[in-house]
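*Asks:* Submitted below is the structure of interest, expressed as structure tokens.
The values are calculated or read from the model by the stated rules, or taken from the named source; none is laboratory data. Quick caveat: nothing in here was measured; it's all calculated off a predicted structure. Cβ sites come from the backbone with ideal geometry, for glycine too, and all protein chains shown count toward neighbours. All accessible areas refer to the heavy atoms of the entire protein, side chains included, with ligands and DNA or RNA removed. Shrake-Rupley method; radii C 1.70, N 1.55, O 1.52, S 1.80 Å.
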Amino acid sequence: MIESTCALRHNGETLAEKAGNRKGRSVIEFETVAHSYSGGELLSDVSLRLAPGSFHFLTGPSGSGKTTFLKLCYGALVPTSGSVRLFGEDVRTMNRDDIALARRRVGVVHQDCQFLDHLSLRENLALPLTVSGQEALDDDANLKELMGWVGLTARAEAMPPELSGGERQRAALARAIIMSPEVILADEPTGNVDWEMSQRLLTLLIELNRMGKTIMIATHDLGLIRAAKNQVQARVLRISGRRLQLAGADL
Amino acid sequence: MSAFQSILDFAIGDAQAERAVPPTGFTVRLTVFSAGAMAFLVVFALALSLAAGRLADRWSDELARSATVRISAPSEQMAAQTEAALNVLRTTQGVQSARALNLQEQRDLLAPWFGPELALETLPLPQMIEVIETAQGFDGDGLRLRLAGEVPGAVLDNHARWRAPLVAAAGSLRLLGWLSILLIVLATGAMITLAANAALAANAQVIAVMRLVGARDSYIAQAFMRRFTLRALGGAGVGTLLGALALMLLPSASQEGGFLTGLGFQGAHWLLLLLIPVLAGVVAFIATRLAARNTLRSLT
Ligand SMILES: Nc1ncnc2c1ncn2[C@@H]1O[C@H](COP(=O)(O)OP(=O)(O)OP(=O)(O)O)[C@@H](O)[C@H]1O
Ligand SMILES: [Mg+2]
């Protein structure tokens with residue numbers, strides 16, 4: 001069992017409490033989880049607790065199951081055995097509406113940054129608000145601030161196909177956090193950007209973590225992990241031989 | 001929230017949700033077309049049913065359990081033979097009442113043919129007796145034999161009998177009309193289901209993104225249902241209008257009320273036309289809802 005204890009201490013109170021999570025409750029909890037696709041078992045005997053406010057990296061070779069792991073985290077997949085609890089609820093017992101509601105508390109940055117190509121960037125960023133029935137107009141100021149924060153103000157009316165890879169990744173991050181979720185799961189958020197841009201994205205994620213968000217970043221960019229370790233107390237998990245391990249000082 | 005309010009909300013819709021689902025192209029056009037064609041056909045099937053129904057009702061009402069006995073006899077025997085025939089009829093099983101028509105009634109019957117000026121008194125007219133049957137009816141052949149024996153100048157005309165098959169045919173025609181409407185509705189439902197399925201499949205990626213950012217199934221389904229329902233409503237409105245116009249262009253019903261010329265709608269039946277687009281809307285609503293429910297369940 002990998003216990004995440006790196007809830008940041010700040011002025012004596014944990015940021016997790018600030019984030020509104022009940023004390024001691026983990027946001028996401030895996031218990032002897034195994035998952036297999038038709039091709040055979042990909043993950044087995046994975047146990048893990050993500051404490052509120054923790055910062056994790058997830059690494060492993062391509063095809064080792066990082067994306068699969070994240071999908072298990074937000075209820076897009078149900079484990080073949082074992083249990084995954086999302087905010088204390090077993091995903092197996094959640095109905096489709098429960099999953100939809102839980103996803104409003106989890107921001108996901110997809111590996112291939114999925115957008116609706118017929119909507120402008122601004123509308124895409126506001127999509128989580130739209131589908132949850134919140135008037136996007138009410139949050140217009142919020143939206144503007146967020147776009148400024150990821151440096152996309154000038155591109156607000158652009159259509160997704162017109163965006164560069166880095167712009168798409170910043171946009172995906174902005175969309176993931178517009179609902180002010182408790183957890184942010186980012187799948188290769190720096191996959192196709194240069195070093196400088198990846199540093200900027202990392203800084204954004206670290207800032208979010210300082211606000212109390214639980215962060216999990218899947219990446220095989222070891223440079224990124226090293227850069228992060230200087231700024232934040234992060235744990236590195238590695239998928240190796242279908243198991244999840246805590247990576248040591250070799251990084 | 002009242003049902004009316006929910007319908008109103010559904011019709012007004014959510015502009016944002018509407019934008020989130022991209023234009024559904026040919027599938028929506030297919031829906032408009034099938035709803036329109038269906039409505040056009042339903043107008044005629046409905047007109048057929050209603051006209052056949054009217055015909056069946058009129059014939060069976062007018063002729064229900066009625067028959068006529070006609071007595072042709074030299075005028076000095078007329079009264080005696082009429083009395084004899086009435087006696088026979090009164091003692092016949094299955095006859096409820098029998099009554100000799102008076103001169104005025106006979107004049108009214110003949111007026112359409114010979115005009116009101118006719119001097120009936122001078123003509124050797126047969127005497128008519130109106131016979132009303134009981135529900136069981138009488139045995140026509142038996143009565144004919146008895147009349148032949150006792151009243152030489154009497155002829156029984158039980159027209160209800162020969163018209164009965166016509167009434168039955170009109171009844172079947174009405175049934176066929178309703179059956180056609182049912183089949184048209186089912187075919188339209190199937191067509192819209194296919195169209196909605198195609199639209200949902202074409203938008204699997206859009207739906208996946210919406211699910212990813214926390215959209216409920218009902219939110220996604222609503223966007224599709226609203227689109228297909230409103231288009232079906234519109235298409236069927238146009239189809240109904242064209243069908244009604246075509247019906248109005250048929251030659252108007254003449255006095256004799258031939259079957260074909262009586263094919264239009266009458267009075268309040270015109271209001272039934274308003275139900276056709278509503279029916280199309282309901283069919284589209286249900287079809288899209290089922291299609292959406294099935295598709296969404298297969299996505300994470
Ligand atoms: N839906 C699926 N059905 C069958 N096999 C799948 C499915 N999704 C992924 N896989 C397989 O599972 C394995 C792990 O996939 P996954 O996407 O989790 O890897 P990953 O660690 O994220 O890789 P990468 O670093 O390249 O993104 C791969 O071999 C992949 O082909
Ligand atoms: Mg991956």
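*Asks:* Within region A:36-150, which strands (runs of 3 or more DSSP E) (wholly inside it) include 1 or more residues that are within 14 Å of another protein chain (Cβ to nearest Cβ)?
*Replies:* Values: elements: A:40-50, A:55-59, A:81-86, A:106-109.
In region A:36-150, A:81-86, A:106-109 are the strands (runs of 3 or more DSSP E) which contain 1 or more residues that are within 14 Å of another protein chain (Cβ to nearest Cβ).
*Asks:* Another question, then. Here is a check on your reading of the model: is A:GLU145 within 20 Å of the chain's Cα centre (by Cα) and either surrounded by fewer than 16 Cβ atoms within 10 Å (Cβ to Cβ) or not polar (S, T, N, Q) (or both)?
*Replies:* On the way: within 20 Å of the chain's Cα centre (by Cα): no; either surrounded by fewer than 16 Cβ atoms within 10 Å (Cβ to Cβ) or not polar (S, T, N, Q) (or both): yes.
When the stated conditions are applied, A:GLU145 does not pass them.
*Asks:* Still on this structure: Failed condition for A:VAL109, given (1) within 16 Å of ligand 1 (Cβ to nearest atom); (2) of a type in the set (Val, Ile, Thr); (3) open to solvent by 10 Å² or more (accessible area, probe 1.4 Å), with all others met?
*Replies:* Unmet condition: (3).
*Asks:* Follow-up question, since we're still on this one. Of the numbered conditions (1) assigned by TED's automatic domain parsing to the domain that holds B:VAL131; (2) open to solvent by less than 80 Å² (accessible area, probe 1.4 Å), B:GLU83 fails exactly one; give the number of that condition.
*Replies:* If we test B:GLU83 against (1) assigned by TED's automatic domain parsing to the domain that holds B:VAL131; (2) open to solvent by less than 80 Å² (accessible area, probe 1.4 Å), just (2) comes out false.
*Asks:* Looking only at region A:45-57, decide whether some residue is closer than 28 Å to A:THR190 by Cα, open to solvent by 30 Å² or more (accessible area, probe 1.4 Å) and modelled with pLDDT of 80 or more.
*Replies:* Of all residues in region A:45-57, those closer than 28 Å to A:THR190 by Cα come to A:46-57.
Filter once more, so that each one left must be open to solvent by 30 Å² or more (accessible area, probe 1.4 Å): A:49.
Within this subset, residues satisfying the condition of being modelled with pLDDT of 80 or more are A:49.
Within region A:45-57 (the criterion being closer than 28 Å to A:THR190 by Cα, open to solvent by 30 Å² or more (accessible area, probe 1.4 Å) and modelled with pLDDT of 80 or more), the answer is yes, since at least one residue qualifies.
*Asks:* Looking only at region A:207-225, count how many residues are within 15 Å of A:ARG170 (Cβ to Cβ) and more than 16 Å from ligand 2 (Cβ to nearest atom).
*Replies:* 2
*Asks:* Let me ask something else about it. Can you pull out the residues in region A:47-71 that are within 13 Å of ligand 2 (Cβ to nearest atom) and either in contact (Cβ under 8 Å) with a residue 24 or more places away in the chain or touching an Asp or Glu at 6+ places or on another chain (Cβ under 8 Å) (or both)?
*Replies:* Within region A:47-71, A:LEU58, A:THR59, A:GLY60, A:PRO61, A:SER62, A:SER64, A:GLY65, A:LYS66, A:THR67, A:THR68, A:PHE69, A:LEU70 qualify.
*Asks:* Moving to a separate point now. Just the residues that are touching a Pro at 6+ places or on another chain (Cβ under 8 Å) and not in a helix (DSSP H, G or I), please, taken from region A:174-198.
*Replies:* Hits for region A:174-198 are A:ILE178, A:MET179, A:GLU182.
*Asks:* With respect to A:GLN233, is the statement that it is touching a Ser or Thr at 6+ places or on another chain (Cβ under 9 Å) and either surrounded by fewer than 13 Cβ atoms within 10 Å (Cβ to Cβ) or not acidic (Asp, Glu) (or both) true?
*Replies:* It is true that A:GLN233 is touching a Ser or Thr at 6+ places or on another chain (Cβ under 9 Å) and either surrounded by fewer than 13 Cβ atoms within 10 Å (Cβ to Cβ) or not acidic (Asp, Glu) (or both).
*Asks:* Further question on the same structure: Does any residue of region B:108-119 turn out to be open to solvent by 30 Å² or more (accessible area, probe 1.4 Å) and touching a residue at least 40 places away in the same chain (Cβ under 8 Å)? Before the answer, list the steps.
*Replies:* Just the residues of region B:108-119 that are open to solvent by 30 Å² or more (accessible area, probe 1.4 Å), to begin with: B:108-114, B:116-119.
Next cut, touching a residue at least 40 places away in the same chain (Cβ under 8 Å) only: none.
No - not one qualifying residue is present in region B:108-119.
*Asks:* Where residues in region A:149-163 are more than 14 Å from A:ALA126 (Cα to Cα) and without any contact (Cβ under 8 Å) to a residue 24 or more places away in the chain, which of them is surrounded by the most Cβ atoms within 10 Å (Cβ to Cβ)?
*Replies:* This residue is A:GLU162.
*Asks:* Something else: Give the residues of region A:236-251 that are in contact with a Ser or Thr (Cβ under 6 Å, 6 or more places away or on another chain) and assigned to a loop (DSSP other than H, G, I, E, B), sorted by residue number. Can you show your working first?
*Replies:* Filtering region A:236-251 for residues in contact with a Ser or Thr (Cβ under 6 Å, 6 or more places away or on another chain) gives A:238-239, A:242.
Of everything in region A:236-251, just one residue is in contact with a Ser or Thr (Cβ under 6 Å, 6 or more places away or on another chain) and assigned to a loop (DSSP other than H, G, I, E, B), namely A:ARG242.
*Asks:* Inside region A:199-215, can you point out the residues that are within 23 Å of A:GLU167 (Cβ to Cβ) and either within 16 Å of ligand 1 (Cβ to nearest atom) or part of a loop (DSSP other than H, G, I, E, B) (or both)?
*Replies:* Selection gives A:LYS213 alone.
*Asks:* Still on this structure, please answer the following. For the list (1) among the hydroxyl-bearing types (Ser, Thr, Tyr); (2) away from chain B (no Cβ under 14 Å); (3) under 14 Å from A:ALA126 (Cα atoms), I need the number of the one condition that A:SER180 fails.
*Replies:* (2)
*Asks:* For region B:281-300, name all the residues that are open to solvent by less than 10 Å² (accessible area, probe 1.4 Å) and within 14 Å of another protein chain (Cβ to nearest Cβ).
*Replies:* Once the filter is applied, which keeps residues that are open to solvent by less than 10 Å² (accessible area, probe 1.4 Å) and within 14 Å of another protein chain (Cβ to nearest Cβ), region B:281-300 yields B:ALA292, B:LEU296.
*Asks:* Of the residues that sit in region A:119-143 and are over 30 Å from A:ARG85 (Cα atoms) and in contact with a helix residue (DSSP H, G or I) (Cβ under 8 Å, 6 or more places away or on another chain), which one is modelled with the lowest pLDDT?
*Replies:* Just the residues of region A:119-143 that are over 30 Å from A:ARG85 (Cα atoms), to begin with: A:119-123, A:135-143.
Going one step further and asking which of them are in contact with a helix residue (DSSP H, G or I) (Cβ under 8 Å, 6 or more places away or on another chain), we end up with A:119, A:121-123, A:135-136, A:139, A:143.
On the way: A:LEU119: 92, A:LEU121: 93, A:ARG122: 92, A:GLU123: 91, A:GLU135: 66, A:ALA136: 56, A:ASP139: 61, A:LEU143: 87.
So, considering only residues that are over 30 Å from A:ARG85 (Cα atoms) and in contact with a helix residue (DSSP H, G or I) (Cβ under 8 Å, 6 or more places away or on another chain), the one modelled with the lowest pLDDT is A:ALA136.
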